[in-house]
Each structure stands twice: as structure tokens, then as C-alpha cells.
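Just so you know, all these numbers are worked out from the coordinates, no wet-lab data involved. All figures in this text were calculated on a predicted structure; none of them were measured in a lab. Reconstructed Cβ throughout: ideal geometry from the backbone, glycine too, with neighbour counts over all protein chains shown.
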Amino acid sequence: MPAERAGYTVSMFVIDASPTMGNVRHVELPPGPNGEVMTTEMTNLEWCLRYVKLKIQEMIFNGRKTDQCGVIVFGSDITDNIVNKESGGEGYANVQEYISIGQPNVGTIAKLDALRPSESSTGDPLDALIVALETQGRYLASKKSWTRKVFLVTDGEGPVEAEDWQDIVKKMQQHDVFLTIVGVDFDDPELGYEYPDKSRHKKVNEAFYKDFVHDIGEKGIVGTMDYALQEVVRPEPKQTRSTLMGTVLRIGNADFNADEAIQINVKASKCTALARPATLKKYAMRQEADDMDVDGEGERKAVYAQLKMRTEYYVESKEGAEDDEDEDGANIKKEDESAEGTDDTQKPNGARVEKEDLVRGFKYGTTYAPCPDGQFPKLSTVKGIDILGFFPKKNLRREYLMGEIQYIWADEKSPHQQVALSSVVQALDSLGRVAIARWVNKDGADIKMGVLVPCVFEKADCFLWARLPFADDVRKYTFASLERLVSKKGEEVKEHPYLPTQEQLNAMDAFVDAMDLGDVGEPDEEGVRGPWFDTRNSYNPAIHRVKQAIFHSAVVSDIPSNPLPPPHPDLVQFFEPPKRALKRARKPLERCKEVFNVKEVTKRVAKAKKEGHDHINDEDEMLLLDRKPTRTQSSFFGSGSQSQVGASASFADKKPADDGSDTEDDNEELLLNAKPPATPAPSGSRGPLPTPARSVSPRGLDPGRAPGKIIGNTDPLRDFKKNLAGGDLVTKAVEDMAVVITEIVLKPFAKRRAEELIECMKAMRKTCLEEDEVDAWNAFIVNLKSKCNAKPGNPAFWNKVKEVGRDLSYISDKEAERFGGSAQYTEKQAKELVES
Amino acid sequence: MAPYDDDWTKIDDEDDEELQDYSIFEGQRDVILFCIDCSESMQALYEDPNDEDAQTSNLAVALEAAKQIQKKKIIAGPNDSVGIMLFNTTRRPDAKGAGGYASEIKLGTFLYQPISLLSASKIKELMLLLDAAKEDPEELVREFPPKKDRKVPIGDVFTSCNWILRDGAPKTATKRIFLITDDDNPHQGPGSEQLRNSARTTLIDLTQSGVTVEPFFISTEDKPFDVSKFYSSVLLPNNILDEDELEQDSSVLSESISISRIEDLLAQMRFHESPKRALFSVPLHLAEGFTIGVKGYALITEQKKGSYKYFVDTGGRMALANVKTVYVDEDRDAEVDKSKFFFGSAPGSTAASAEKEDDDQDENIGARTVKADHRPFYTAEETRAFRTMGLVPGFRLLGFKDAGDLAFEDNVKHAYFIYPNEMSYSGSKRTFSALLKSMINKNKIALALALMRKNASPVFCYLLPQEEIIDDNGCQIDPPGFHIIPLPFADDIRAAPIQEAFRAPPDLVKSATEWVDKLKIKTGTYPPDSYRNPALAYHNEQLEASAFRDEYNPEDFEDETEPPISGIHKKAGKLMKAWKDTLANDESANIVSVPTTGSKRKADVSVNEAEIRSYYDNGSLEKLRVDQLKEFLKSKGVAVSGKKADLVERVADWFTTN
């Protein structure tokens, strides 16, 4: 979009601070954990400032020097503005240049936070508008090409001196000023906002503002604050202009034959580039803060300090620990542990070494190859793109494309080169060929293989480049055939539960037809429905949600009482299949469900018949399932962030310091949902397990066998063993086992399963020791201890563990060493753990 | 991108999804036991096709392949273990011979290299043996005398393998046996039925303890390997019908049988080098209440160089330094436990709260002060929900589109592959199979919303149906399943920076068509197997030389990605020259400079090549202005940094080579 370039803008915020802005309003919060409506109180000014702060936060976030703003306040007790000064203190009273124009920063928002409605002054919004335009105009006197924007925020209760307003409009049009007027409780019937009970003043003013923007034309807009606050978080992809990187496209080699070799000067620019969510910084609350930061009013303060990353190096001090097999895996895990002691001498896993004493090298099996530079000499390569040959485009395997796409343009300054590249592009296009090429980014850089695909635009020709895999990058796994089944006797089997029947195939065909997205999109002007979904309208939910969260935390000082509002609807617009397709597919879907009869494999059912207590647990969970209040049609994927936000909101009263692991949170959530709305359990829940319901279980309700977990709650030991025998996912198995054990221990009826759990722990410990999951075990056992001895807890179970004693304590350094691993606890610490 | 560019320890494990792809594999270990037949036919000598003066045997080739695989694995998976067991040999363990359990394993089998972590010395041992065999072809026969009378029962072979793996391999590693033999019927005559049964039962034992047997059968023209004679009844058939026998569908055997000529043995092994590991196992929701299980694999992933590690000299011995990342409150110099983290925006963009009055309180820089019971930051759990949007891992089908709707440029990362998982939802296979068929018939692709792992973010992706393709020998070329193509979001799409450019006239296009048509790739498609990553190979060769303390000679390195220069010129040189001539006469050559849209005025720097060449010929390049030199260099894609002297030199260089 070349029309509007990013940055090069001065935005003036004209804010109403008249006494009426101090009126208190109730603002809706995201629904509570049980779907109840939650609200909070704030003044209209605070509410409006949210909008202004979000706008300014966006500028801070983008960090452009050419994206600047200033703030003018009217209805202020202070009169301080250039127009008033120059007219010798005449007119333009109660208008204050609150923040002068500049690139906004932390201080800008802090200063806005300090803004309060005035006691009794009123100011004229049009005066303020003139001041804003004048201030902006002077600032941009030498920057004619910059975009000018003005945002007027008011409740419309104050008087407006609407005398020469047409002149103002003219002036604004003259300078191409964009004006946005946002009013508190203004009507917008089209969008469904109507506020019938309003003062006469307000009605008149509202009508005036509408006339005003109408005269301004397409650069003017008036809206209501409710909608503006929603729109301000509308996902907007950050426009990045790709730089053009010069390189050369070669066919043949000039050293070999200069007359024949072809070289075309080209420029590469990104066509797709993976954007990632902003990284959140890490903070921790200072513990001693309570005691010291007591200010004059005796108010207690909490200090959150930003954390910096520090890398420390340790070396095994013990002899014979040579074959330390798993530094990769283990290190990451060590982070997870509660390495509370900061006393380095106590670190059992070796002596700290300074980075200066370290030498770089590579591992070659158990041997090391020193390599002080961190890399060996690289292959000498020459910058450029070399074509190796051409092949038909239809033979290009789409799944081979490995990464981001690049445009390859001819040098934009050389018509000659453009004609040259254009002829090659058109030649390939007419033959239906693509080129295999190797790309060297700069002299000496690593070689990349890829494909050049001709791309003929309306007014320019170019190539598109995609990386393709090297031999090293392709994994040739074989998978059992889905169609050819052979019996033990070597005969082909024609009928089998794995093979779809004709009836099933027909049902699936009907389903595929019904769910076609080709004609279920939004209708165009002629009312014809086009395809549904377009990458250009699909926003990365993570990026925009994280951004929204960052902005939110910048404008509120307490997350628990002001949780993040729900995401903008555009962000989740493609999260559900379109209703039209679903409607069309209703019958084919019913048919499919019937003929395919897919069932979640629940080995637990058979087991439950044998062991009564398991059944009770099952039932418990079933009830929870049915009680989930915010269950929607889409609940099979979790009911979206809403329930998430709700759940986390209710953690607010907990001390933040002690909510440690996932396990605990999952549990909390479980308990939370188990509490109130005392909907009677549907009688159907005693029936056989309904497979579909199972698969629709919302997130968090059923952590034991939530999708993604490989250990279930019913027979964890068996699941665990099975997974180990399978050989894949040991780390995962151990991790899930830890979760499941902790979960069961803290649930009612845990006592009946104590023996079983002890067995589970024994098996888990053994595996941890043998498979070098030592850290996982040690973290688990200390966590379990603290959980058992905590408030809801289960001290009885810990006593059981103590009875077993040493065999369930920490894996000590000695033990670990026998299996070639390492551990941070000593034998002594291990003994102590199970004695207290 | 080379992993060296950034210190890998700095990568935030929560934020970098790509990293997780690898960490899953890193935690896993792979164990391979080579199990090689040493019978007389395996040891029969023949002319080495690669070396006129030398003789070789199937055994030597098999050992050579084992060595190559070891060399590859030692770099790709330094934590993997390998062992070599030989059978049909009369060699018995001697004093220096193989390990403690050598006495236990069955007669006629010999453990040449016990299962252990890979090391340079282990490979060296094998190299020395093979070198000796090359000098004197009888060496192997002396080392491992073939058993002349009866063949060792295959059951005994499997039993020995089982014992060796039981004792030597970590329990949770993926354990595989590479069985190499040329004998398709080891048990003939009386008692054969019994031997066959025992082979079968011992194999089931093996499979049940999580071991996979991957046979590599050597076939020759004179003596084709007939699986049906013996092995097909021993090796478990495809898609075993008795599920009780085998719960893990990943252990299905015959999908991985390979029969090849001895020359292709190594290539065959390469295919099987890395064990099949699923990246994720998640539900695929076709619609509400209609869900199947799938497992996901990364069939295409960039294989990177290993990252370097830190070592410290502890008095003559190099010890590996463990890297630990801690987070500290720097002002207090206090390490903070991960569970106590909160997350928020960088202080630069955060409001110092209004309550905070004292701005120059140095101590609190980078800190945020709020009322005691307030929390201005998010918990880890809340933060994760922002990224996952509260979804749980899985695929949600959104609908179907025409196959043509997936554009080439809708790509940001490598594809994944999914295959049904009957173990999580019964009926997954038939449903998946029906969906696959239906989509292939209708030429459709499916749009889905996917959250592949717990810590990932949701992405939209297309499911491309992949039909199973089998070659003439019944070997699978393409497996059945769906390729998953993750799609770019609007946020990832960049606008085309150039809207308008000069285009070629038809005669020039026609001229280009002629040479393009000559330069066809023989295979008719992109052959990934032909291109080993030269950067990786170059690195690995140097690493290997360094580990063996050999001198590395860069001259020996062969770059498979070199363009076939002489071939190109031979096939199309004349046509290329014709095209160049047509281009030179094109009127566009006379357009000096395009009017630029930039508003800044620039000095006229346009000098044409001929003009600069004349300066060059006169040796007076330094008379040109710096901006002119730069302009010229820029147009040739050469660096424009440095002093004027550097620029002059570079221009001169360019004319010398062109």
C-alpha cells in the first residue's frame, strides 16, 4: 500500500477534561469463571484515556521516530497554549498544551495517567481543536509531506461555541487533516450502539459533531467510545517494506566462456517472512519490597523487577564422569528446577567456570574435536544465483518447499536488465518450466538449493524463489499401506476394519462435498458468495493477542482486577468452519458419524469395571464435563480464551509467588469448575461413555487424559510402561506421569489409590534414574512433598512415601553417576528429604 | 541460517517453536545393532567395482556400510549407540574379545563391537579392519572364519541380538537391528519347519521388547533373493491382523524390508538411518463429534550442523562445560526461580505507573512499582494462553478447497506429514483412508486450524492428500497420508516492492525459450538425493578429520551442487550467445536511467559500462568519482564499501574477470 507510508505522522489528541468527565461509569470485564458478568468502576476520563493510551502505546510499540504525537486538554484549570499567548492572553481559555509534540515514550503514558478532570472549568472543544491544528501546523511547517491526524475525545456535555466552524473545516481540508471524534455514549445505530437517556446538551453537541465531520468529508469520522475501544485492538499487520538485496543471476560461467555466459543483475526481496509474537520480558516481585517501599500515606507497594538472563558454566569436578551423555537435554531441564540456593559453592553439579576459560569444540561421539573459532573454515563460495537446469512445473512437489518465499526482480534501475530477466521469465512461463538454482547470499556464505518459478504480473515479470531440501533434509520413512492389507498367510485382505467400505466412502464423499468452502464466503456486491478464507485476511492470533496483552498491561496496573478483554472478532474469524457449510453438512455428518463409528480408545473403561474406585473418579470428571458453563458448539477445541482468562482471573487472590507448576494450575481449574453452579448432574452421565462427548472435552477439565497427554488417570502405571516399551517419548512419559501422580494425590479418594501411586512412583523413579531423567524426578518429588504438606494437600500420602523412605527420595549424585548421569542433590540431602 | 550467528543458549525455549522440533529428537536415543551374515557366500571374493586392483566381498561391503552409517550417526546423533554382531562364523570370543556377555550368546554368533556410544576409536577400529581387508582380501576370512557345516539357526541369531540389546541399550532408546544377509533360505532339509517356527517366536519376543528388525537382503542376478522361501513367513506380515500380538503399529515389519544389489546397500541403509519418530500425536477433528487420531512427522526438516559446545581444560583432560541459564534481578544480584516469573512488555514501552513519583530512584530502573496487592504483569499460564488462544493441541478441519487454491507463494516453513493413529481413536484408519480417497478423487485439499504442540501457536494449514506410490519391486516410494502445508498469515505476507518494469519483446522471449528448452534436468523433477548439503558435508569432513587427528585436504571436497557448467555451454552455449546478441540490440540498452520516484536530488552518477571500461583501459580509473565507482559496482552486484582505492581495485578486478 504505497498511499499511506508508515510513520511520518503527527497525531494530536484533544482530550476533554471538564468536570463531567469525572462521572463514574461501570465498565464490563470479561466474564468470570462461571460466566457471570463482572464490572469495574472508573471515570469517563479514565475510560477515554484507555483509548488514547492504546493509540499511543501502538506508536511506542512500533518505535518509529517519525510517528509522533501531542496532547491538548480542554476544560482544564490551566490555560497554556500558543494561540492564547500570541493573542496576548485573549481567548482560548482553559486549553492546555498538556504534552508537546514528540515521539511518545514511557513518560507520555505516565503523564496521561496523572490527568484528572478539573474541578469547575469548562473549555471549548473548537478552541482546543484550533490550538491543536495550530500547534501541529507549526511543528510540521518544514515537513509538508507528513500526515496530520487529530483525535478529539469528549463526553459532549460541555458547551460548544459553534460560530465559525466552517472556517475550521476549510482549514483542515486545506492541510489534509484526518479528524476522528470519539464520544462517550454517542449513538451509532448502524453498529447497534444507542444511548437514549442523555442530556439535551449532549444531543445537540452530538448532532453538531456529525455535521462537522460530514463537512470534512472522507477524512472525518465520528464514533462512540465503546466501538473505538474494540476497534483499537483490531489486528493490523505491521507493514514492513522489504529491502531489495542486490545479487546476480547466472547461467553458465564467464570463466568458461564469456561470450555465452549469461549474467543478469537482480534484486531479491522477501515475499513471505514469518512474523513472530513480541517476546514478553520476565519479571519477578521483589520479596523485601513490602517492608521498604512505604510512602508517606503508609501505602504498601510491590516492586516488580525485570530479570536479565545470565549464562553460567559448570564443569563436572568428579573424575570418571567423562561420558556425560546428555548435556543437551539436561540443561534445559535444569532451568525448571527450583534451584533456590544462589550459593554457588553448594552447587552439586560441578564447579562454576568463567567463560574466558572455555574452549569451543564439537562433540564427535564420546570424543571431542576442539574448534576454537566455533566453526571450521567454510567452503569458499561466490555470491549469486546459479541456474542448474529446468524441469516441468507440474513435477514440482509442493511439500518440498522449505521456507519463506523471495521475489527475484531485475535491477529496478536498469531497463536493460529488466528486459533480460523478463525474457527468461516469460520463456519459462510459456514452456511451463521452473529452474533449479543454487543461491549464495554473499561471498563465502552457505549454499542453498531452491527453485525459481516464473511469475508474470500485470506490469512486471519476476521469479519467485523457494528453498528445496538437500539430501540431508529428507527423511524417508515408510508407512504401512492404507489399502493393501496382507494376512499372515500372505493373502491380500479385502475386508477389514481398517479398510473403508463402499458405504463409508460414499458417506465421506458427501461430507467433503458439503464442507466445500468455494461458495460460502461473504457475498460480493452482486450477492455472489466467493470462497471462504484468504491468507490475506487471516491474522496471526498469537502476534495480535500478545500485542493486545502488552498494551493492556501498559495501561492497567493490576491484571487480576482488569483482565485482558477478549480478542477482536477478526482475530478468530476463521477459527470455526463457516456456518453455511456446517448447515449444509449436517446430514452428511450424521451419516459419517454413524457409518464410521470412530471411538476414542478408552482402555480405562474396561478397567473401571474391575476397580470400583476408578469408576468414582471417572464419574466425578464426567459431571464436571457436563457442568462446564461456557460450553459452546465449538467447545471441542477448548472454549477459547474466554474461559482461560476467566480462570486466570480468579487466581488473582492467590499469592503470585507460590503458583508453581502446570500441575497445580490444572488442579485449581478443576476445583474451580467443580464448585458452584450447582446444576444437577444429568442422569445420562451414568450411561456408557459417549465417545463424542469425550472428544469434545474442553481444555483443562480433564488434564489426566487431555489430548496431548500420554498417561491417563485410570491406570497410569500401565500407560507409563506401555509408553516406555514403545520407546518413544520417554521425557514426555515421565513428565505426564509426574502430573498425573500429583493430580491424583491431591484429589478426593486418593487414599484408596495410595498403594498404586507408590508403585507408580517406584516405576517412575527407576526410569528416571536409568534414562537420565534425574532432574525431572528430583523436581517432581520435592514438588510433591510441598504439595502434600500444603493447605488442601495430602499429608497422609507423604507419610506413605516416608515409609518407603530413601527409595523414593531424591536421586542423589552418587546414584546418578552409576548410570552416567548427574544430579544436584547429595546422598545426605536425599536422606533428609524423606525424614522430615 | 548458520546456527553460529546467534548463541544458541540465548534462544528462548518457550518462544521458538522451531527449536522444539529438534529438542524432541535430541532427547531420544537411537540404537542400531548391525547383524551381518559371515557365511561363505557372503565372504566370496570378487573384483571390487570401484577399484580395479582390489577384491572385495559382500561382508566387506556390509562392514563398510556399517562404518559409513557410524560415521554419519556420530555427527547427527552423538548420543546414539551402535554395535556389530556377526553370525555364521566360528570365531569365538578370545581374551581381548568382546565383552562380558560374549560367552552367553549363542554359538555361531560373534559380537564384534558391543553396543556402546559412538566414538572415534570405535570407528577407527573398523577402518583399520577394512583397510587390512583391502590389502589382503583373506583378512576377513581369517578374522571371522565362516561356519562351514550348518547355518546358525535364525532363531539363535535373534536370541543373541535380544540379549545384546537387553544388556547394552538404554531401555527407552529406539532399538533396531539391521539384518544383512544374502541367504534367502538358511534352513533346508529336515527340521526346517521347527527352525522356522523358532525364528518366528524369537522374533516376536524381540518385537515385544520394543526392537524393530530392518532386513537388508542382498540380491544378485544369478541368485535373486526370494523372500517367500523363508523370510516372508518369519517376518511379521504387513498390517498384522492379530492386534494382540503387536500393539505398536510402528513395528510393522515388511514395510521396511529392502532387497537390493550389494552396490545399493549403503544407499538403502541411508534411508533407514534415522528411526521413524513422531513429532506429535494429536486428534484431528473432522467436525463436532467426528474425531480421529493422527500422528505427525517431519519428513522435510533442515538438517543443521551441530552447535558447538564449551570445554574446559581440567589438567590434561578436556571436560564438557554444562551451560546453565539463570535469570537474575541484577540490582539485587538475586537469581529467580522460573516458577516465580511474571511476563510483561519491555520497560521501555511500559508505563511507569502513575503512583510512582520518584523517577530518579536509580535502583528501580527496569522495575515497576505498583500498589502492594496489585500485579501489573501476567503469569506464565496467562502468557501461554495468549499464544495458544486457549486451544489444545489438535487439528480442526474447516472445509475443503480446490487443489489449485494453494498458491506457490503461500509458504513460510517446511511441511509436515500426518498418518492415522488407530491407537488413540479406533476407526481412525478407515476414516482417514476414506477421506484421503475422496479428496484425491475430487482433487481437493482441506483447510485446517492446527495447534501442533502445547506451547505452539495456532496456524492455518492445508492438507494435501498423498496417494501411496509403490515401485515395481513393491517398495514404497511415497507413503499414504496428508502433507501439512502451514500457511502464512496476513502478517507474514509482504507486498511486491516493484510494480512496474520493462518487459521483453517477443523475439527476445523466443530466443530465451530456445536455450531454456535445451537445459532440461534429466530426472524431470527436483532430485533431493542428488544434492548433499555442501556446507554440512564440508563441516563434517573437517570435524571427522579433526577427531581422527588427520590432516584435512580441502581439495578432496566434492560439491554436488556445482552447476554443470561445461554441460550447459555445450548444450546451449550457442543459443545463449544468440540471446545475448538479441538483447544487446534491444532498444532498452539505450535507455540510460529510469526516472526515479525519489524526491532527493542526486548528482548525475550515470556512467555506462563502455565509458568506465575506457577509463580502465587507460589505467585512469581513479579519475572517476567515488559515487560513480559505487554506482558501477552496485550495478554489478559487487560490494561498495571501503575507500576509493578499494573501489578502484574492485572495478579493475571486475574488468579483468569479465
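Note on B:Arg166 and B:Asn443: their simple-model spin labels are 5.8 nm apart, each label 7 Å out from Cα toward Cβ.
Quick one: order A:Cys271, A:Cys760 by neighbouring beta-carbon count within 10 Å, fewest to most. Display every interim value, and only then the final one.
Details: A:Cys271 27, A:Cys760 23.
In increasing order of surrounding Cβ atoms, one gets A:Cys760, A:Cys271.
Share of pairwise Cα-Cα distances greater than 23 Å in the range B:495-591 is 56 percent (whole percent).
Using the number of other C-beta atoms within 10 angstrom as an exposure proxy, rank A:Phe61, B:Phe158 with the fewest first.
Details: A:Phe61 18, B:Phe158 28.
The fewest-first ordering by Cβ neighbours comes to A:Phe61, B:Phe158.
What the Cβ-Cβ distance of B:Arg332 and B:Asn455 gives, at R0 = 30 Å and to the nearest 0.05, is a FRET efficiency of 0.50.
Restricting the calculation to Cα atoms, the range A:543-591 shows an Rg/Rh of 1.29 when the hydrodynamic-style radius is the Kirkwood one.
How many partner chain Cβ atoms sit within 10 Å of a residue's Cβ in peptide A:242-254, on average, as a whole number? Intermediate values should be presented prior to the final figure.
Numbers: counts 4, 1, 2, 1, 8, 1, 3, 1, 3, 11, 12, 6, 2.
Mean shielding by partner chains, rounded to a whole number: 4.
Amide hydrogen proximity for A:Val493: with H placed 1.01 Å from N in the peptide plane, the residues at 5 or more positions away or on another chain lying under 5 Å are A:Leu485, A:Val486, A:Ser487.
When the pairs B:Lys72/B:Lys151; A:Lys448/B:Lys401; B:Lys577/B:Lys630; A:Lys722/A:Lys766; A:Lys65/A:Lys143 are compared against a 21 Å limit on Cα-Cα distance, B:Lys72/B:Lys151; A:Lys448/B:Lys401; B:Lys577/B:Lys630 fall above it.
What is the order of A:Thr243, B:Thr379, fewest Cβ neighbours within 10 Å to most? Mind showing how you got there, number by number?
Details: A:Thr243 11, B:Thr379 22.
Listed from fewest to most nearby Cβ atoms, that is A:Thr243, B:Thr379.
Based on the mean of other Cβ atoms within 10 Å per residue, sort peptides B:419-429, B:265-275 so the most packed one is first. Numbers along the way, then the final one.
Numbers: B:419-429: 22.6, B:265-275: 19.3.
Top to bottom by mean Cβ count within 10 Å: B:419-429, B:265-275.
For the range A:58-89, the residues whose backbone nitrogen is under 13 Å from a point 7 Å from the Cα of A:Glu236, taken along Cα to Cβ, are A:58-64, A:67-68. Label-to-label distance for B:Ala545 and A:Ala763 is 5.2 nm, based on points extended 7 Å past Cα in the beta-carbon direction. Would you mind pulling out the separation of the Cα centroids of the range B:64-87 and the range A:730-759, in Å? When both Cα centres are located, 39 Å separates them. Taking the range B:524-558 and a reference point 7 angstrom along Cα→Cβ of B:Lys124, the backbone N atoms nearer than 13 Å belong to B:545-551. The mean count of C-beta atoms from other chains within 10 Å of the C-beta of residues in A:385-397, rounded to a whole number, is 6.
The residue among A:Val546, A:Gly530, A:Pro500 whose Cα reaches farthest toward the positive pole of the charge dipole of the range A:497-546, with charges on the beta-carbon of Lys, Arg, Asp and Glu, is A:Val546.
For the range B:126-168 versus the range A:417-487, the spacing of their alpha-carbon centroids is 46 Å. Label separation (B:Asn608 vs B:Asp226): 7.8 nm, computed from points 7 Å beyond Cα along the C-beta direction. For A:Lys170 and A:Val24, a Förster radius of 30 Å and the Cβ-Cβ distance give a FRET efficiency of 0.15, rounded to the nearest 0.05. Please work out the FRET efficiency for the pair A:Thr66 and A:Lys111, using the Cβ-Cβ distance as r and a Förster radius of 25 Å; give the result to the nearest 0.05. That pair, A:Thr66 with A:Lys111, gives E of 0.70. Residue separation of A:Lys442 and A:Ala254 scaled by 0.36 nm, minus their Cα-Cα distance, works out to 65.8 nm of gained length.
Work out the mean other chain Cβ neighbour count within 10 Å for the residues of A:738-748 and drop it here as an integer. Kindly include the intermediate steps, with their values, before the conclusion.
Working: counts 0, 0, 0, 0, 0, 0, 0, 0, 0, 0, 0.
Shielding by partners across A:738-748 averages 0.
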